Amino acid sequence: MTGVGRLGRVWGLVAEHAAGRGGQVSAADACAAVVPGVQVTGAWLSVAPDGQAGHLMQVTDEVSRQLAELQLTLGEGPLLDASAFGGPVLASDLAGAEPGARWPAFAPAACRAGAAAVFAFPLAVGAIRAGVLGLYRDRPGPLSDFQLGDALVFADTAIMLLLDAQDRAGAGAGPGEGPGGQPAGLASYRAEVDQATGMLTEQLGVSITDAFVRLRAYAYANDLQLAEVARDIVARRLRLFPDPDLSPGGRA
């Protein structure tokens, strides 16, 4: 298939998904359409203007949400590697020796969550890094050359739609949606994590990056989800202190 033909096919699937939900075409549609388009089990879209893998924007199922959350909490995985190095990261068998050595915490946790293979594609145009498109399968196995080509085009489509959404940000969002077609629930999740991180910068006297590291470290040390810790901080049920105390006794 020619590049033009592949692009037309991918765009058609994205537009079809948007039409099915009755909304404007968005990066969220690229995340949803990539699942049947590339024949994977699920997908997620993580967005961050600074290229740090950042915030969960869209998921297609619960396992995808868990995979994204695990990587942000554990601080390792294909999502973070793709964001850091700017190229696709393809793990066709998470139970294999290489993924286990590369991501000793994430690989077994991902398998327990229901994933057997994970593929991550950075959303990048030139020097702009906007996030990562992640895919998973519940059975091991690589993407075919054709599927890999399609996945790359889906990632390119997602970043173009994200940049377009930024240009149209002043126009508002549709019913039940956040910016760029982001579901309201995930928009709330992102806002909560952002707010908690901001509160920690004041409480701890550290940068945004260091505050997020502390947030993530507390979640990991106490076997909690990142969103749960953020929610407790925002509600002032939990306070972290400059002298780290990551035990559950830190809760108010």
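The values are calculated or read from the model by the stated rules, or taken from the named source; none is laboratory data. Treat the numbers as computed from the prediction; the structure is a model and nothing was measured. Positions of Cβ are generated from backbone atoms using ideal geometry, with glycine treated the same way; all protein chains shown enter the neighbour counts. Calculation scope for accessible area: heavy atoms of the full protein, side chains included, ligands and nucleic acids excluded. Shrake-Rupley method; radii C 1.70, N 1.55, O 1.52, S 1.80 Å.
Selection of the range 117-140 for residues being open to solvent by 30 Å² or more (accessible area, probe 1.4 Å), in contact with a strand residue (DSSP E or B) (Cβ under 8 Å, 6 or more places away or on another chain) and closer than 24 Å to ALA95 by Cβ yields ARG137, ARG139, PRO140. Please count how many residues of the range 205-216 are over 18 Å from the mean Cα position of the chain (by Cα) and open to solvent by 30 Å² or more (accessible area, probe 1.4 Å). Number of matching residues: 6.
Given the options ALA107, ALA84, name the one that is touching a Pro at 6+ places or on another chain (Cβ under 6 Å) and either at pLDDT 90 or above or not polar (S, T, N, Q) (or both). Working first, answer last.
Numbers: ALA84 fails: touching a Pro at 6+ places or on another chain (Cβ under 6 Å).
None of the others qualify; the one that does is ALA107.
Just to verify a result, which residue in the range 141-153, among those that are more than 17 Å from GLY86 (Cβ to Cβ) and part of a helix (DSSP H, G or I), is least open to solvent (accessible area, probe 1.4 Å)? The selected residue is ASP150.
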